[in-house]
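First up is the structure itself, then whatever we jot down about it.
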C-alpha cells in the first residue's frame, strides 16, 4: 500500500500539484470546489447544511439586537479569524517569533555595548524567558542572554542571581565561545559566593583550565585559590601563566604582580631558611625581569642571610637602584665594618655610595677620612634631603653636633623656601 | 368679549447640564458606536504588535554575520581579545554599518594596545557615520589617551560627558587623563564631580584620599607661584578630604614658614623630638640617630602613629618616603613601575633623587680622593694642565684645600714642568702661604736626594722663588732654617730676608752669615727683590758703608733702580759714587738717563764721576739711536765735564765729515774757553800714520778742520789766539786756508 500510495503521489499528484496556483487561498478554493460540487449532488445533505446555516443565523440574530451581543459576536469572529490565520501561517509566525527574539537580543547587546546596562538587562531578561522556536541564524540566543545576565549580576555583585542565570544555561550544544564564558562566569560566581567547597572549586577550575589553558580569568581563580590555601609555588605558577597570557592592557600589571609574588616568595623562603629555594626564585626573578633590580636584590639578600656580606654588597650595588643603596645601608647598619670602604665603593659605584662610605668611616672612628668622604659626597650630590640627612648623621658621629643641627636646619629651610625665581 | 382662558404657562424646570460621563454613556449607548470603538482598539493593538515585531525582525534580518557578531561580543566580554578582534573585524567586513560591532572593536583594539587603530574606528563612527554617541566619544577619548594624547583625550571625554553628566566611568577617565597630563587643577574639578556621583563606600574613600593629594599638589603649585592665600585654601581643602595625607605636612610647613619665617620654622622643625611630637600627632623632622638602630635617622610622618625608620631616611616628616615618583601626576611610587597605578601613565617612574644612583666614573679615584693618597694628588696636579677647564679650577681648589699634602707633588711638577703648568704649580704653592714652608723644604730635600745627576738647577731654586714671595708672617716658619747647614737652605733663607725688604730683619742674616755668602745672594737676587731691599737701607747702615762697597757686588743697576723709591736716595747715590765708575754702574747710569725718573740722579752721578765716564757718555751721545732728549741730557753731562770732555770730543771727530760733527762742535762751543786748550792739543796731535810716513800723508783731515771751525765758532780771545798760533805753525796750505777762514770768521770751507 505504501508503495502504491507513493507511486500515486509521485505519478499522479505531482503534475496536479505543479499546476496548482501558488497562492494558498486560491489553492484552498481549488481544493474546496470539487467537494462543494459533490455536496450539491446530495440535496438532503444540502438541506442539512442550510438548516445549520439557519440555526447559526437564529443564534446570531438575537445577539445582533443588543450591544453586548454584537461585541461578543465581534470578539468571536476576531478570535476565530486569528486562530484560522495563525493555523494557516503557523510556520511564518514561528519564524517571526524567533527573529523577533533575535532582534530583541541584538537590541540588548547593543545596549550592553553602549553601556546602557539597565535597558540591556531588561531586554536580556525577556530573551531569557523566551521558550519558542529558536532562530536558525543564532540558535544560542537564550543561552547567550542567560550568560550576559549572569555577567551583569556579577558586575553588580549579585552572586546568587548570577548563579541562577548560569544554572539556566543548557550546556550541551553550546559553542566554544559561550562554553568558555559559562565556565569562566561559573568559576567566578562560585569563588565569590564562598560557600562552595574549595576542593570543588579547584576541580572545576582545573577542568576549565584544561579546556581553555590561556584564559586569564580562570587562571586568576586558580591563583587566588592557591593564595588562600597558602601554596606559594602554585601561586607563582599560575601568576606566571597569567602574566604570559594577559592582554596587553593588563600585561604590565600582571607581570609586576608576578615579580612581586616572586619577591614575596623569595623573602618567605629566606625567612624559612630555605636558601636554595630563594636562590631559585632569584633566578626566576632575573628571568622575569631581566632589567630590573629585584632579582639581584633577592640574591643579595640570600648572600646576606648566608653571611656573605661582600657578595651581598656587590649584588646590591650592581642594581644601581636606591633600593640597593638602602639595603647596603641596612646591611652596614647591622654589620658595621664588614667591608673596607674602598671595596664598598668599588662594589657600589654610585654617588650614593659615597654617603655610605662617609658613614662607615665615621662609625669606624676615622674622622678625617669620614669628613673628607662627606665633603666629596656633598660636592658630588648637592644638597638633597637624603644627602643632608646622612651627612648630618655623619657630623653627629664626628662629634660636630652643632654643624649637624645647622645642616638639618638648612635642609629644612631649603625645603620650606620658595624657589628663587 | 371674553377671551378664552389661556393655559397657564408653567415655568420651565431648570435643566441640569449633562456631565462628561453622561454624555459618554449616551454616546456609547448609540448603536454601533462601542463596536466601532472596540474594533478600532483591536485593530490598533494588532497593528502596533505587528509593527513592533516587524521592527525587531527587520533589525535582526538587517544584520549580516550575526553569529560572528554575537560571539565576538561574548569573546570581548570574556577577555578573549584576539578572538573578538578577529570576529568583529570579519563582521565589519560584511556589515560595515554595524556600529555596535565597530564600537566594541575599537574598545577591543584599545585593550590590545592598538590605540591608533582603535581611534580610527571611533573616528569612523563619529565622523563617517555621524553617530552621536557619548559612549563612542568616551572610547575615542580612551584611544587618544592610549595614543599618548591626554589633553585631547580629556577634552573629548568632557564634551561627551556634557551629554551624560552622571556617567561615573567617564568622570573617572577624565580625572585620570587630567592627572596624566599633570593638570592638577582640572583633575580636581573632575575629581569633585566624580566624588559627588559615588556612593559611600571604599571606592569613594579611596577617591577622597587621592583627591586630597591632587588638591595638595594644586596648593604646592600655588605656593610655588607665590600665591600663599590660595595655597592655604588648597591645604585646608586637602586636609578636609584626607588629613593623613603625606603630602600635606610639607605644604602646611611651607605655609607656616611663610607666616612665621623660614628660619624660625626650620629651627622649630629640626629641634623637635620625633618621639614626643609624634605622639602629639604633629609634624616632625627627626634628627638624632637612634641609639639602638645603628644610627638611622628617625623620621616621623604626621598621622602615621609612630616613627618610620628608614635605613637612609630623608626628612620623611616633610617628604614622602618613596624614592620614585610619577613624572606625570607626581604621585609617589614604590618602585620603578611600568604603569602608574594612579594616573595610568606608562613608564612614569622617575627618581626623586636621581643623583644618588648616578654612577661614579672611577670608584678608585673617588676613594683616592677620600684617602688623599699620592695617586689622588698626582691626578689633581695633572689636572692643572687642562687649562681653562672645569677640572683645572676644581684641582686648584682641591690642592689648596690639601695644603701640605700636595706640596711634594706640586714642587716636583714646578721643578720638572715648564710654561703655564710650571707657573700654575708655583702659583698654588705661593697661595698656600708660609705655613707650608717646612713641608716645602722637606719636599725639596726629598726631591734633591732622588736626583741621580745634579745637572741644571734643582728644586731649591723653585723653593727660593716661592719663599721670597712670603711676607713677615712666614718669619716663625723660617727660624728653623738658621740651624740648617745645607747651602740651599741658607740661600733660600737669605733670599727670603731679601724678599722681605726689611733691613732690620736682615740684621739677623748679617749676624749669622759671612759677607761673601750674602754678597753672593745679593748678586743672584731678582732685580725687583733686590731693588726693594736696597730701597730700605738707611743712612749709615753697615750695608751702605761696607757691604755694598765691596767690588764683588755687581748689582750697580739695582742700586740705581732703588734710588727712585728709596727712603733715603742720597745713601744709594753715595754708595754709587764710592764704588766709582764701574762698568756696570756707568752702563746703568747712561741707561738711566733715558728714564725720566732716574735721569736726574744718573746725570748727577755721571757728572760727579767725572772724566772716567765721559768717554762712555760721549759714546752714548754719539749713538744715532739715542733720542733727542737723551742726547740733550748727555750733552749736559759732557758740557759739565769741561776740558776733559772737550778733549774726548775733539778726538771724537772722524776722518770724514758727518752730521755728528756739527753737534760735537756745538758742544765744544758751549764748553767755551775750557775747550780751547784740549782742542789745540788735539789739532797738534798727529795720528800714528802721519808719524810713520814722516810727512808723506797729508795733514789735512776732518778732525783738524772741525777743530779749526769750532775755534772759529767759539770766537773768544783765547780761541782767536789759539787759531793764530795754529795758523802760524801750520805748513799745510789747505789747513792754513781753513784756519785763516776761521780767524776771519768766513764760515764754511769746501773740502
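In this rough spin-label picture, where each label sits 7 Å from Cα along the Cβ direction, the residue B:651-residue A:311 distance is 10.3 nm. The long axis of helix B:515-524 is offset from the longest Cα principal axis of chain B by roughly 60 degrees.
Estimated from helices alone, the mean residue ellipticity of chain A at 222 nm is -25500 deg cm²/dmol (sum of -39500 (n - 2.57) over DSSP H runs with n ≥ 4, per residue).
Average projection, convex hull of the Cα set of the range B:497-540: 2.9 square nanometres. Going by neighbour counts of Cβ atoms within 10 Å, the residues B:404, B:409, B:260 line up, fewest first, as B:260, B:404, B:409. With the simple model of a label 7 Å out from the Cα in the direction of the Cβ, residue B:554 to residue B:26 spans 15.9 nm.
Calculate how large, on average over all directions, the projected area of the Cα convex hull of the protein assembly as shown is; give the answer in nm² to one decimal.
Details: hull surface 492.2 nm².
If you wrap the Cα atoms of the protein assembly as shown in a convex hull and average its projections, you get 123.0 nm².
Stokes-Einstein diffusion for the range A:274-421, with the hydrodynamic radius set to the Kirkwood value over Cα pairs and evaluated at 25 °C in a medium of 0.890 mPa s, equals 151 µm²/s. For the pair residue A:85 and residue B:524, label points projected 7 Å from Cα toward Cβ lie 13.8 nm apart.
Would you kindly give the portion of the calculated P(r) for the range B:516-641 that falls above 17 Å, as a percent of all Cα pairs?
Values: 4258 of 7875 pairs.
Beyond 17 Å sits 54 percent of the P(r) for the range B:516-641.
Compactness of the range A:246-349 was expressed as the Cα radius of gyration divided by 2.2 N^0.38 Å, which yields 1.12. Put simply, the range B:515-579 fits an ellipsoid with semi-axes of 16, 13, 10 Å; these come from the alpha carbon gyration tensor as the roots of five times its eigenvalues, largest first. Three principal axis extents of the range A:47-89 based on alpha-carbon atoms, in descending order, are 32, 31, 6 Å.
Going from the residue with the fewest nearby Cβ atoms within 10 Å to the one with the most, B:421, B:653, B:48, B:482 rank B:48, B:482, B:421, B:653. The alpha carbon radius of gyration of the range A:140-280, expressed as a multiple of 2.2 N^0.38 Å, is 1.18. log₁₀ I(q)/I(0) of the range B:27-74 at q = 0.17, 0.20, 0.22, 0.28 Å⁻¹, via Debye over equal Cα point scatterers, no solvent, to two decimals? Computed log10 I(q)/I(0) values: -0.65, -0.74, -0.80, -0.93.
Between residue A:45 and residue A:203, the FRET efficiency estimated from the beta carbon spacing at R0 = 56 angstrom works out to 0.15. Each 10 Å bin from zero holds the following percent of Cα-Cα pairs in the range B:87-231: 12, 35, 30, 16, 6, 1, 0.
Over the range A:30-170, the hull volume per residue, using the convex hull of the C-alpha atoms, is 195 Å³.
Given their separation in residues at 0.36 nm each and the Cα-Cα distance between them, residue B:164 and residue B:203 gain 11.9 nm when the chain is fully extended. Across the alpha-carbon atoms of chain A, the computed radius of gyration and Dmax are 42.5, 141 angstrom.
Using the reciprocal of the averaged 1/r over all distinct C-alpha pairs, how large is the Kirkwood radius of the range B:343-446 in Å? Kindly include the intermediate steps, with their values, before the conclusion.
Values: mean 1/r = 0.0646 Å⁻¹.
Evaluated over the range B:343-446, this radius sits at 15.5 Å.
Counting neighbouring Cβ atoms within 10 Å and putting the fewest first, the residues B:679, B:164 line up as B:164, B:679. Label zone (residue B:244, point 7 Å along Cα-to-C-beta; backbone nitrogen cut-off 20 Å) within the range B:180-219: B:200-217. What the Cα convex hull of the range B:57-130 gives, in volume per residue, is 75 Å³.
In whole angstrom, the range A:362-416 maps to an equivalent ellipsoid with semi-axes of 19, 13, 7, each derived as √(5λ) from the alpha carbon gyration tensor and ordered largest first.
In terms of overall dimensions, the C-alpha atoms belonging to the range B:548-706 reach 62, 32, 28 Å along their principal axes, ordered largest to smallest. If you line up the long axis of helix A:401-416 against the longest principal axis of chain A, both from Cα atoms, how many degrees apart are they, to the nearest 10? It works out to around 30 degrees. Rounded to the nearest 10 degrees, the inclination of helix B:20-29 to the longest alpha-carbon principal axis of chain B is 50 degrees.
Net length available on complete extension from residue B:350 to residue B:389 is 10.9 nm, with 0.36 nm assigned per residue and the Cα-Cα distance removed. For chain B, the Kirkwood radius over C-alpha pairs fed into Stokes-Einstein at 20 °C and 1.002 mPa s yields D = 54 µm² per second.
Give me the extension gain from residue B:717 to residue B:457: residue separation times 0.36 nm, minus the current Cα-Cα distance, reported in nm with one decimal. Display every interim value, and only then the final one.
On the way: separation 260, 0.36 × 260 = 93.60 nm, distance 6.74 nm.
Length gained, residue B:717 through residue B:457: 86.9 nm.
From its DSSP helices (H runs of at least four residues, each -39,500 (n - 2.57)), chain B gives a residue-normalised ellipticity at 222 nm of -20000 deg cm²/dmol.
Using a Förster radius of 56 Å, what is the FRET efficiency between residue B:359 and residue B:64 based on their Cβ-Cβ separation? Nearest 0.05, please.
Values: r = 62 Å, r/R0 = 1.11.
Approximately 0.35, to the nearest 0.05.
If R0 is 35 Å, the Cβ-Cβ spacing of residue B:36 and residue A:38 corresponds to a FRET efficiency of close to 0.30.
Mean-square fluctuation check for chain A, GNM, Cα pairs under 10 Å: which of A:62, A:383, A:198 is largest? Of A:62, A:383, A:198, the Gaussian network model singles out A:62 as fluctuating most. Å³ per residue of the Cα convex hull, for the range B:414-562? Roughly 121 Å³ of hull volume per residue. Values of log10 I(q)/I(0) for the range B:561-632 across q = 0.14, 0.17, 0.22, 0.23 Å⁻¹ run -0.39, -0.57, -0.94, -1.02, by the Debye formula with one identical scatterer at each alpha carbon and no solvent.
Readers should treat all values here as calculations from the given coordinates under stated rules, not as data from a laboratory. Please read these numbers as outputs of a predicted model, since none were measured by experiment. Counting neighbours? That spans all protein chains shown, and the Cβs are built from the backbone with ideal geometry, glycine included.
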